[in-house]
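Visitor: Sharing a structure here in structure tokens format.
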Amino acid sequence: CPICEARVRFIDYKDERLLSRFVTDNGKILPSRLSGVDARHQRQLSTAIKKARYLALIPYTRGQQA
């Protein structure tokens, strides 16, 4: 698990750089089979990403230019 290797104890929703590693170009959350994250950290990641999206720290979608 990349989060266990980095010795991250708690996944914070304010850490944009960590969260953006687990989001696709379209803004979808990567599944654990592609990202290599174990189930416990995947649940923490999904809630942190959703909370960061709600607070407008990371966008819901990317690459949409008008």
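FYI, it's all coordinate maths here, none of it is from the lab. Just so it is clear, the structure is predicted and the values come from calculations on it, not from any experiment. Neighbour counts are summed over all protein chains in view; Cβ atoms, including those assigned to glycine, are modelled from backbone coordinates with ideal geometry.
Visitor: What is the gain in length, in nm to one decimal, between R40 and D25 on full extension, counting 0.36 nm per residue of separation less the C-alpha to C-alpha distance?
Guide: Numbers: separation 15, 0.36 × 15 = 5.40 nm, distance 2.38 nm.
Here the answer is 3.0 nm.
Visitor: Hey, which lysines would be in cross-link range of K28, C-alpha to C-alpha under 17 Å, not counting anything within fewer than 8 residues on its own chain?
Guide: K50, K51
Visitor: Could you please report the charge total around R7, scoring K, R as +1 and D, E as -1 over all other residues with beta-carbon less than 15 angstrom from its beta-carbon?
Guide: Numbers: positive: R9, R40; negative: E5, D12, D15, D38.
Counting the neighbours of R7, the net charge comes to -2.
Visitor: Before anything else, pin down the relative contact order of the chain: Cα pairs under 8 Å, at least 6 apart, normalised by residue count, whole percent.
Guide: Values: 52 pairs, mean separation 26.8, N = 66.
For the chain, the relative contact order is 41 percent.
Visitor: Above 18 angstrom, tally the Cα pairs of the chain and express them as a % of all pairs, no decimals. Let's see the in-between values first.
Guide: Working: 673 of 2145 pairs.
The share of Cα pairs beyond 18 Å in the chain comes to 31 percent.
Visitor: For the chain, with only Lys/Arg (+1) and Asp/Glu (-1) charged at the beta-carbon, what is the dipole magnitude about the Cα centre, in debye rounded to 20? Before the final figure, lay out the partial values.
Guide: Working: 13 positive and 6 negative charges, 33 e Å.
The calculation lands at about 160 debye.
Visitor: If you don't mind, another one. What is the angle, in °, between the Cα long axis of helix 39-54 and the longest principal axis of the Cα atoms in the chain? Nearest 10 is fine, range 0 to 90.
Guide: 30
Visitor: Follow-up question, since we're still on this one. Summing +1 for each Lys or Arg and -1 for each Asp or Glu, what net charge is found among the other residues whose Cβ lies under 12 Å from the Cβ of G36? Present the calculation step by step, with values, prior to reporting the outcome.
Guide: Values: positive: R21, R33; negative: E5, D38.
Net charge in that neighbourhood comes out at 0.
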